[in-house]
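Everything on this sheet refers to the single structure shown next.
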Amino acid sequence: MELVAGYPFWLIKNGLLYSYPKLLENKKSDVVIIGGGISGALTAWHLIKAGIECTVVDGRAIGLGSTCASTSLLQYELDIPLHNLKKNIGDHKAVRAYELCGDAIDKVINIMHEIGYTGFYKRKSLFFSTHRRQKTFIHDEYLARKAAGFEVDILPGPELHRNYNLKAAFGILSEKGATTDAYSLTHEILQYCIRNGLKVFDRTRIKTIDYNKDKVILKTNEGCVLVANHVINATGYEVIDFIGKKIVNLDCTYAIISESEAEKNEPWKDNIMMWNTDDPYLYMCYADENRVIVGGRDEPFTNMKTMHAYLDKKSSLLEKDFAATFPGSTIKKEFAWSGVFGKTKDSLPYIGNYFKTPRTFYALGFGGNGITFSQVAAEIITDLLRGRENRDADIFAFTR
C-alpha cells in the first residue's frame, strides 16, 4: 500500500541515511517486529533494553512509509479534546490517556539524549479557536486539562494577536510539547539498537503469516522463512493487510513547508506549535531556517491517484489558510506532501494482542499522536512479553 505522495521535507533534507540488508536466508528470532518506522524503532529500543532478542523487517527502505511524511509533533493532546473524551470513555481512562502521552514526550526525549540525538526542540503548544461561539468549549477544555495536572493558561484574542499575530478568539497555551524529525530519529534509534544486538532487514515484505500455539512462521516474497516466538505488528495503517477486523478509517492529510527565511526574525513568539479547533483541524509549527510547516485539509482516503491529484490544490489552500490565520503574513511553499493516516472511533490507538492472531502483539499508534502513542505501545508490549501486568493495557486493548 502506498502511503505518501509528493516530497516530504524530512526525506528531502536527510536522504537515505543508512543502508540495511535484505533478508535472503531463513532465520529464527525470539521476536520479529514487522514495520521499520518510528513505531517499530521505539518498540525495538525497549525490547533491546529489556534484553529481548529481536529482528525488525520492513517491506520498504527503512522509514519510507508514514514516518517520512510525519510532521513530527510531540503532543500530549489527542485528536479529541479531553473534556469530550471523558464523556466518551470515562474520566479515569480519558485523563490517563492524556497523562500517558504527556509522559511519553519526556520519555522519547530521554531516549534521544541516551542515543545522542539532538534533532528536537521543546516547544509550547497552542490550541486555539477562531469562533467566539466556542468560548464555553475552550473554557471546559482548559478546566479539564488543569484538573488533570497539565500546565495550561487560557489566552484571550487580544493577547493571541499581540504575542503571535494570530487571528483567533480564544486559546489554551500548554507548556509541554516538542518537535523532532521522526525519519532521522527512527534511523538513529535503529542504529543504536543494531550496535546492541538488533537485526534489521528492509525491502523484506512479509507475504504470509502462519500463527501456531508455540511459534509464528513468516514467509517473505522471496520465499525466506522467519520463525519467531512472538511477532509485534508495527505496520500502522497497513495493518488492514494482516487482520480482518475494521479498526480504523483511513484519511489523507496534506502538509507544506515554506521556503527558508533564515535572514528574518522568528515568525512568532517562542516558536510555539499551534492547532485549531476546526474539524479537520489546521496546524502550524516552526522548523529550522525560519521555515513554517502548515498541515491539514484532510479528506477521506479513497485511492492514491486521488491523493496525488489533490496535492497541488490542497497545498495552495494551506497557503491561504496560513494567510487568513496570520493577517498581513504570507508564506511561499517550497515542498508539499500528503500521507495516509487513520482515525479510530474513540481516537485511541490499538495496543496489545488480538484473539485471531496468537503470539502476536500490535503497536498501532493511530491518529495525530503517532509518536507518543508508539512510545506508550512499546512500554505496554514489553511488559506483556515479559509476563508483567500493565495497568494501562486495557485502555487501548482490542476488546475495549
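The residues on offer are Leu42, Leu78, and the sole one that is open to solvent by less than 30 Å² (accessible area, probe 1.4 Å) and part of a helix (DSSP H, G or I) is Leu42.
In this structure, does Ile194 turn out to be within 24 Å of the chain's Cα centre (by Cα), open to solvent by 40 Å² or more (accessible area, probe 1.4 Å) and of a type outside the set (D, E, K, R)? Spell out how you get there, then give the answer.
Numbers: within 24 Å of the chain's Cα centre (by Cα): yes; open to solvent by 40 Å² or more (accessible area, probe 1.4 Å): yes; of a type outside the set (D, E, K, R): yes.
Taking the combined requirement at face value, the residue satisfies it.
Return yes when Pro300 is in contact with a Ser or Thr (Cβ under 9 Å, 6 or more places away or on another chain), open to solvent by 40 Å² or more (accessible area, probe 1.4 Å) and in contact (Cβ under 8 Å) with a residue 12 or more places away in the chain and no when it is not. No; evaluated as a whole, the condition is false for this residue.
Filtering the range 198-220 down to residues that are within 26 Å of the chain's Cα centre (by Cα) and in a loop (DSSP other than H, G, I, E, B), which residue is surrounded by the most Cβ atoms within 10 Å (Cβ to Cβ)? Result: Thr204.
Among the residues of the range 318-335, count how many are part of a helix (DSSP H, G or I), of a type in the set (Gly, Ala, Ser) and touching a residue at least 12 places away in the same chain (Cβ under 8 Å).
Initial filter on the range 318-335 (part of a helix (DSSP H, G or I)): 318-325.
From the residues that got through so far, the ones that are of a type in the set (Gly, Ala, Ser) too are 323-324.
Checking which are touching a residue at least 12 places away in the same chain (Cβ under 8 Å) leaves us with 324.
Counting residues in the range 318-335 that are part of a helix (DSSP H, G or I), of a type in the set (Gly, Ala, Ser) and touching a residue at least 12 places away in the same chain (Cβ under 8 Å) gives 1.
When the residues of the range 264-284 are filtered to those that are closer than 14 Å to Thr253 by Cβ and in contact with a Lys or Arg (Cβ under 9 Å, 6 or more places away or on another chain), which remaining residue is most open to solvent (accessible area, probe 1.4 Å)? Only one residue fits best here, namely Pro280.
State whether the residues of the range 83-98 include one that is over 28 Å from Tyr310 (Cα atoms), in a helix (DSSP H, G or I), at pLDDT 95 or above and under 16 Å from the mean Cα position of the chain (by Cα). Checking the range 83-98: at least one residue is over 28 Å from Tyr310 (Cα atoms), in a helix (DSSP H, G or I), at pLDDT 95 or above and under 16 Å from the mean Cα position of the chain (by Cα).
Would you be able to say whether some residue in the range 298-317 is within 26 Å of Leu82 (Cα to Cα) and assigned to a loop (DSSP other than H, G, I, E, B)?
Looking only at the range 298-317, we keep the residues that are within 26 Å of Leu82 (Cα to Cα), and these are 298-300.
Filter once more, keeping what is assigned to a loop (DSSP other than H, G, I, E, B): none.
Among the residues of the range 298-317, not one is within 26 Å of Leu82 (Cα to Cα) and assigned to a loop (DSSP other than H, G, I, E, B), which makes the answer no.
The C-beta contact set for the range 140-165 (first residue within 17 Å of Ile272 (Cβ to Cβ) and open to solvent by less than 10 Å² (accessible area, probe 1.4 Å), second residue small (Gly, Ala, Ser) and at pLDDT 95 or above, distance under 6 angstrom, 6+ apart or interchain) comprises Val152/Ser174; Leu160/Ala168; Leu160/Gly171. Exactly one of these conditions fails for Asn390: (1) in a loop (DSSP other than H, G, I, E, B); (2) touching a residue at least 40 places away in the same chain (Cβ under 8 Å). Give me its number. Going through the list (1) in a loop (DSSP other than H, G, I, E, B); (2) touching a residue at least 40 places away in the same chain (Cβ under 8 Å), Asn390 breaks only (2).
One residue stands out among those in the range 23-32 that are in contact with a strand residue (DSSP E or B) (Cβ under 6 Å, 6 or more places away or on another chain) and assigned to a loop (DSSP other than H, G, I, E, B): the one that is surrounded by the fewest Cβ atoms within 10 Å (Cβ to Cβ), which is Asn26.
So for the range 247-259 (the condition being modelled with pLDDT under 95 and in a loop (DSSP other than H, G, I, E, B)), does at least one residue qualify? Taking every residue of the range 247-259 in turn, at least one turns out to be modelled with pLDDT under 95 and in a loop (DSSP other than H, G, I, E, B).
The values are calculated or read from the model by the stated rules, or taken from the named source; none is laboratory data. Everything numeric here is computed off the predicted structure, so don't read it as measured data. Cβ: placed from backbone, ideal geometry, glycine included. Neighbour counts: every protein chain shown. We work out accessible area using only protein heavy atoms, side chains counted, and drop any ligands, DNA or RNA first. Shrake-Rupley method; radii C 1.70, N 1.55, O 1.52, S 1.80 Å.
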